[in-house]
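Data first, discussion second: the structure below is written as structure tokens.
The values are calculated or read from the model by the stated rules, or taken from the named source; none is laboratory data. Note that the structure is a prediction, hence the values are computed from the model and not measured. Positions of Cβ are backbone-derived with ideal geometry, glycine not excepted, and every protein chain shown enters the neighbour counts. Ligands, DNA and RNA are excluded from the accessible area calculation, which covers all protein heavy atoms including side chains. Shrake-Rupley method; radii C 1.70, N 1.55, O 1.52, S 1.80 Å.
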Amino acid sequence: MSEPIISVEHLGKSFGTNEVLTDISFDVSQGEVISIIGVSGTGKSTLLRCINLLEQPSYGTIRYHGEDILSPHFDLAHYRAKVGMVFQQFNLFNNLTVLENCVVPQVKVLKRDREEAEKNARNYLEKVGMLQYRNAKPSQISGGQKQRAAIARALSMDPEAILFDEPTSALDPELIGEVLDVMKNLAANSGITMLVVTHEMSFARDISDRVIFMESGHVVEDDTPAVIFGNPKMPRTREFLNRMLKNQ
Amino acid sequence: MPTTFFEWIPFLWKKYWPLLLKGAWTSLYLSFLGTSIGFVVGLLVAMVRTIPDPPKSKKVRYWLLKAVKFLCVAYIEVFRGTPLMVQAMVIYYGLMKFASLRLPLIVASMIIVGSNTGAYMAEIMRSGIISVEKGQTEAAMSLGMTHWQTMSCVILPQAIRNVLPSVGNEFVVNVKDTSVLNVIAVSELYFVGKSASGTYLKYFEVYSIVAVMYLIMTATLSKLLGRIEKKLDGPSEYQVLNDEEEESDV
Ligand SMILES: Nc1ncnc2c1ncn2[C@@H]1O[C@H](COP(=O)(O)OP(=O)(O)O)[C@@H](O)[C@H]1O
Ligand SMILES: [Mg+2]
């Protein structure tokens, strides 16, 4: 096993007196595709937001290549550039075109020159099938297109890992496929490490290397999709999956 | 000598139009410059007020920022809480008394209108900044952008666009409110009206003309600002570029 990219060690997070995450630990290795599943309100988003430091953990440690990301000397901007995030609500920059959404962060954060940044952005926009919409503003495209553009924006930073927070949950059912296809393609071909919070059980089962099942702020089970979907060790995992698969 | 209202109006206009137009022009450019200065001041104040608090462990930065933010609030409260006319007197005569500074009237007017507008603009801008969705900031942060990069590339362009109607409104208000500068003898439109009505003691007639002139200025401005807003929104359509166009485009 190679050394992990990200290690979460005994992570906890409370909002006031409400403990949302309790003693979460797991490692993420290079190139792994991990799905995080569980009912709403379990703390899945909070976990991803802690990893990206959009939320400050209450206790515990998060390491990036062994370095403590909470240390005051840690280069947070560089870390965030290398560990991207894709949001449920897309969060494309509304004032910029699709192309500029992908170019500006490269220029500002990675100090790439415009030409290089644009070439890179075009390359990834093409990969997600959004190159022809590069001059559109976010308000002028569909949800699926927005999410594909947001994925291209994350990819344009040439990250090691991308955190996906329910990337298809805000989409109309007929638009989910196009985004899932992009993600499946990434998982199969890019070698990028992916941490995906999802309710798409097909993605968790067929695409990921590992599935983490969470319940009320705890990791209940963390195993291969074969075990989780075939023969879970914890009865609660089985209950959850029975419910999910029945509804789909 | 004219006898009726409808004879007086053309008579007075013929006699005073160069003076009145000059006054109107003064009102217009004072309010334009004052609003521009106010816009910049307001933007800066709002930017300072929306800087996130640094961790308490960084003592110097924490308290420095607190102090500067307090000054910003004090500035806003003072200028929004007193009449513009009083501010004009206090600033103009205050500078004369304590700094022995006899500012050119135009410069003094600019300081007065600029500071006053700046206080209102600061609150307008702040509301504009706050109203930009939180997700925009989070996305920028998740990409590694700093607070200032996020502000300049993402938040402010959206915030300014959103408050543009209010900014235009401040401009229109200033066209009228510069009339109080007559208290320090700036010859803007109202002041000119006062001189023009003195000779024949025809207050109603002269101020009717003045009122119409104000109305023409404000109505034209409102129309113009509306047009500018539309322009700034950019094209409402975009080209879906197919592969051939793609080649020629690169
Ligand atoms: N900023 C916040 N302040 C207070 N409570 C929060 C905040 N964010 C999330 N929570 C709470 O944390 C719990 C977990 O939320 P979340 O991580 O969004 O769950 P999930 O993504 O699994 O649906 C919820 O009960 C939610 O109300
Ligand atoms: Mg969530």
- How about segment A:73-84: which of its residues are aliphatic (A, V, I, L, M) and open to solvent by less than 10 Å² (accessible area, probe 1.4 Å)? A:A81, A:V83
- Task: Go through B:F70, B:F79, B:F39, B:F32 for me and flag whichever is at negative phi, free of Cβ contacts under 8 Å to residues at least 12 places away in the same chain and not in a loop (DSSP other than H, G, I, E, B).
- Result: B:F70
- Among the numbered conditions (1) touching a residue at least 12 places away in the same chain (Cβ under 8 Å); (2) within 28 Å of B:L12 (Cβ to Cβ), tell me where B:V212 comes up short. (1)
- Tell me, which residue of segment A:26-49 that is part of a helix (DSSP H, G or I) and open to solvent by less than 30 Å² (accessible area, probe 1.4 Å) is nearest to A:H78 (Cα to Cα)? A:L48
- Query: Tell me, which residue of segment A:42-71 that is in contact (Cβ under 8 Å) with a residue 60 or more places away in the chain and away from chain B (no Cβ under 14 Å) is farthest from A:T168 (Cα to Cα)?
  - Reply: A:G66
- Query: Is it fair to say A:Y79 is away from ligand 2 (no atom under 16 Å from the Cβ), more than 11 Å from chain B (Cβ to nearest Cβ) and at pLDDT 95 or above?
  - Reply: no
- Task: Could you figure out which of (1) within 16 Å of ligand 2 (Cβ to nearest atom); (2) in contact with a Ser or Thr (Cβ under 7 Å, 6 or more places away or on another chain) isn't true of A:F90?
- Result: (2)
- Does segment A:142-164 contain any residue that is farther than 26 Å from A:K119 by Cβ, within 16 Å of ligand 2 (Cβ to nearest atom) and within 12 Å of another protein chain (Cβ to nearest Cβ)? no
- Okay, strands (runs of 3 or more DSSP E) sitting entirely in segment A:156-223 with 2 or more residues that are over 15 Å from the mean Cα position of the chain (by Cα), I get A:210-215, A:218-223
- Query: Is it true that A:Q145 is within 16 Å of ligand 1 (Cβ to nearest atom), among the polar types (S, T, N, Q) and at pLDDT 95 or above?
  - Reply: no
- Item | Members of segment A:165-201 that are among the hydrophobic types (A, V, I, L, M, F, W, C), away from ligand 2 (no atom under 16 Å from the Cβ) and closer than 19 Å to A:H78 by Cα | A:I192, A:M194
- Query: Quick one: is A:N52 within 16 Å of ligand 2 (Cβ to nearest atom), of a type outside the set (A, V, I, L, M), on the phi > 0 side of the Ramachandran plot and out of contact with any Pro (no Cβ under 6 Å at 6 or more places or on another chain)?
  - Reply: no
- Item | Among (1) more than 14 Å from every other protein chain (Cβ to nearest Cβ); (2) within 16 Å of ligand 1 (Cβ to nearest atom); (3) in contact with a Phe, Trp or Tyr (Cβ under 7 Å, 6 or more places away or on another chain); (4) closer than 24 Å to A:P225 by Cβ, the one test that A:G12 misses | (4)
- Counted residues, segment A:54-73 - those being touching a Phe, Trp or Tyr at 6+ places or on another chain (Cβ under 8 Å) and within 24 Å of A:P105 (Cβ to Cβ): 3
- Message: Given the criteria modelled with pLDDT under 90 and open to solvent by less than 60 Å² (accessible area, probe 1.4 Å), does B:M121 qualify?
- Response: no
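State whether the residues of segment A:121-140 include one that is away from ligand 1 (no atom under 16 Å from the Cβ) and touching a strand residue (DSSP E or B) at 6+ places or on another chain (Cβ under 9 Å).
No.
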- Residue hits (segment B:134-151; buried (at least 18 other Cβ atoms within 10 Å of the Cβ) and more than 7 Å from chain A (Cβ to nearest Cβ)) are B:T137, B:A140, B:T150, B:M151
- The one condition B:L232 fails out of (1) buried (at least 17 other Cβ atoms within 10 Å of the Cβ); (2) aliphatic (A, V, I, L, M); (3) under 30 Å from A:N94 (Cβ atoms) is (1)
- Query: Taking segment A:15-58 as the region of interest, how many residues are touching a Gly at 6+ places or on another chain (Cβ under 9 Å), within 16 Å of ligand 1 (Cβ to nearest atom) and among the small types (G, A, S)?
  - Reply: 2
- With the condition kept exactly as written, say whether any residue in segment B:154-171 is among the aromatic types (F, W, Y), closer than 25 Å to B:W25 by Cβ and open to solvent by less than 60 Å² (accessible area, probe 1.4 Å). yes
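Residues of segment A:195-219 being among the aliphatic types (A, V, I, L, M) and surrounded by fewer than 22 Cβ atoms within 10 Å (Cβ to Cβ), which ones? Before the answer, list the steps.
First, pick out the residues of segment A:195-219 that are among the aliphatic types (A, V, I, L, M): A:195-197, A:201, A:204, A:207, A:211-212, A:214, A:219.
Within segment A:195-219, A:M201, A:I207, A:V219 qualify.
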